[in-house]
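Below: the structure, in structure tokens.
The values are calculated or read from the model by the stated rules, or taken from the named source; none is laboratory data. Only a predicted model underlies this, so the values are computations on that prediction, with no experimental measurement involved. Ideal geometry is used to build each Cβ from the backbone, glycine not excepted, and the neighbour counts take in all protein chains shown. We work out accessible area using only protein heavy atoms, side chains counted, and drop any ligands, DNA or RNA first. Shrake-Rupley method; radii C 1.70, N 1.55, O 1.52, S 1.80 Å.
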Amino acid sequence: MKKLGVLTSGGDAPGMNAAIRAVVKAAHHYGAEVMGIQGGYQGLIDGAMYPLTLSDVENISNKGGTILQTSRSLEFMEDTGRMSAVRTLRECEIDAVVVIGGEGSLKGAQKLHQLGVKVAGIPGTIDNDMPYTDYSIGFDTTLNTVLDCIGKIKDTGFSHSKTTIVEVMGRYCGDLALYSALAGEGEIISTPERKLDFETICHQLHERISSGKKDNVVIITERMYDLPSLQQYIEEKLQIEVRTMILGFIQRGGDPSAFDRVLANKLGVKAVELLIQGQSGQAVGMKENKIICKDLETIDQASINKQDDYQLLEMLLH
Ligand code: F6P
């Protein structure tokens with residue numbers, strides 16, 4: 001393998017830059033050059049790429065976001081878009097592509113693989129919603145950012161005896177809410193895996209308020225409720241003032257944690273090594289502290305049972 005491309009796709013995640021650096025360093029180690037594809041799959045279609053040298057990736061591991069920029073390319077979702085991407089790769093004599101992104105992005109890599117392109121996938125998403133791997137790059141940093149925000153909300157919530165609904169990201173995965181509630185002493189939590197209805201949220205809040213606990217944080221995963229309706233329901237039912245905080249993009253930015261940087265380095269090197277060995281169609285990940293590979297085809301077939309963590313939370317909340 002002489003030349004490989006690397007791209008980041010979907011939502012950016014802290015630690016993506018460390019993964020890009022690891023890919024460039026490892027490729028250099030094995031005598032291959034690297035093309036940085038700009039703006040995700042759209043850049044692949046448009047031929048937006050440039051050589052990524054060792055000096056280009058110096059001092060980037062500590063930076064959030066992605067130096068390659070990213071996109072959610074609608075064109076790439078169509079056959080014609082993917083064929084253009086394959087043509088670009090052939091024209092630029094790129095032998096293989098490393099894709100860093102979430103599940104949709106890695107599924108895109110699988111499509112390229114089916115079209116005869118050599119690919120390796122690296123899980124990069126704050127959502128941690130790919131159960132084939134215990135962690136995706138970015139999750140740990142975002143969890144710490146969410147914790148920081150919840151801590152601040154709790155400071156002022158206590159001082160004013162206020163109830164606050166805090167909406168965190170995660171798409172359809174409750175990990176950010178679950179672990180920020182565990183680590184941040186969230187009082188009530190609702191996630192896609194364990195969704196509470198308005199009535200139950202009110203009931204739990206009422207119990208806490210009647211026991212004298214007037215500052216409460218309700219942590220919920222995005223996309224589950226109409227937030228103004230939830231706030232109004234609680235206010236009317238319990239006759240209390242409620243504030244809603246949507247943490248939003250603050251969660252996606254910021255300097256990556258040590259954990260995410262180390263993970264990114266390990267996964268970046270492994271992805272390049274697979275391609276050097278002539279393997280294609282694999283996603284790299286981490287299971288029980290070991291670096292593993294999984295067929296891109298089957299990444300959505302794994303599942304992790306978080307029941308124990310939910311039970312633990314249950315015990316600690318009440
Ligand atoms: O997948 C990462 C993520 O931040 C999700 O948590 C969130 O639902 C989504 O991306 C937001 O996407 P966009 O950047 O398109 O608003």
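Summary of values
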item: Members of segment 53-64 found to be surrounded by 14 or more Cβ atoms within 10 Å (Cβ to Cβ) and not in a loop (DSSP other than H, G, I, E, B), listed by number; result: D56, V57
item: Search result, residues across segment 249-295 that are open to solvent by 20 Å² or more (accessible area, probe 1.4 Å) and within 16 Å of the ligand (Cβ to nearest atom); result: F249, I250, R252, G253, G254
item: Restricting segment 288-313 to residues that are modelled with pLDDT of 95 or more and of a type in the set (K, R), the residue that is farthest from M35 (Cα to Cα); result: K290
item: Test for D226: is it assigned by TED's automatic domain parsing to the domain that holds D95 and acidic (D, E); result: no
item: Search result, residues across segment 111-130 that are more than 12 Å from the ligand (Cβ to nearest atom), open to solvent by 10 Å² or more (accessible area, probe 1.4 Å) and farther than 15 Å from L44 by Cα; result: Q114, G116
item: Segment 1-54, residues that are of a type outside the set (S, T, Y), more than 14 Å from V98 (Cβ to Cβ) and more than 16 Å from the ligand (Cβ to nearest atom); result: K2, H29, G31, Q38, I45, D46, G47, A48, P51, L54
item: Test: Q301 is within 27 Å of S159 (Cα to Cα) and either not in a strand (DSSP E or B) or not hydrophobic (A, V, I, L, M, F, W, C) (or both); result: no
item: From the options E78, E103, E58, E91, residue that is within 16 Å of the ligand (Cβ to nearest atom), at pLDDT 95 or above and charged (D, E, K, R); result: E103
item: Positions within segment 211-223 being closer than 19 Å to M315 by Cβ and in a loop (DSSP other than H, G, I, E, B), in sequence order; result: S211, K213
item: Selection count, segment 61-72, where residues are of a type in the set (S, T, N, Q) and within 16 Å of the ligand (Cβ to nearest atom); result: 4
item: Residue in segment 153-175 that is farthest from the ligand (Cβ to nearest atom), counting only those that are open to solvent by 40 Å² or more (accessible area, probe 1.4 Å) and within 12 Å of the chain's Cα centre (by Cα); result: Y172
item: Candidates I240, I234 - the one that is out of contact with any Gly (no Cβ under 9 Å at 6 or more places or on another chain) and in a loop (DSSP other than H, G, I, E, B); result: I240
item: Any chance R208 is at positive phi and of a type in the set (K, R); result: no
item: Every residue from segment 181-210 that is assigned to a loop (DSSP other than H, G, I, E, B) and either more than 24 Å from D155 (Cβ to Cβ) or open to solvent by 40 Å² or more (accessible area, probe 1.4 Å) (or both); result: E185, P192, E193, K195, L196, D197
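Here's the yes/no breakdown for (1) open to solvent by less than 40 Å² (accessible area, probe 1.4 Å); (2) not hydroxyl-bearing (S, T, Y):
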{"residue": "Q42", "(1), (2)": "no, yes"}
{"residue": "I45", "(1), (2)": "yes, yes"}
{"residue": "P51", "(1), (2)": "no, yes"}
{"residue": "T66", "(1), (2)": "yes, no"}
{"residue": "E91", "(1), (2)": "no, yes"}
{"residue": "L106", "(1), (2)": "yes, yes"}
{"residue": "Y132", "(1), (2)": "yes, no"}
{"residue": "F139", "(1), (2)": "yes, yes"}
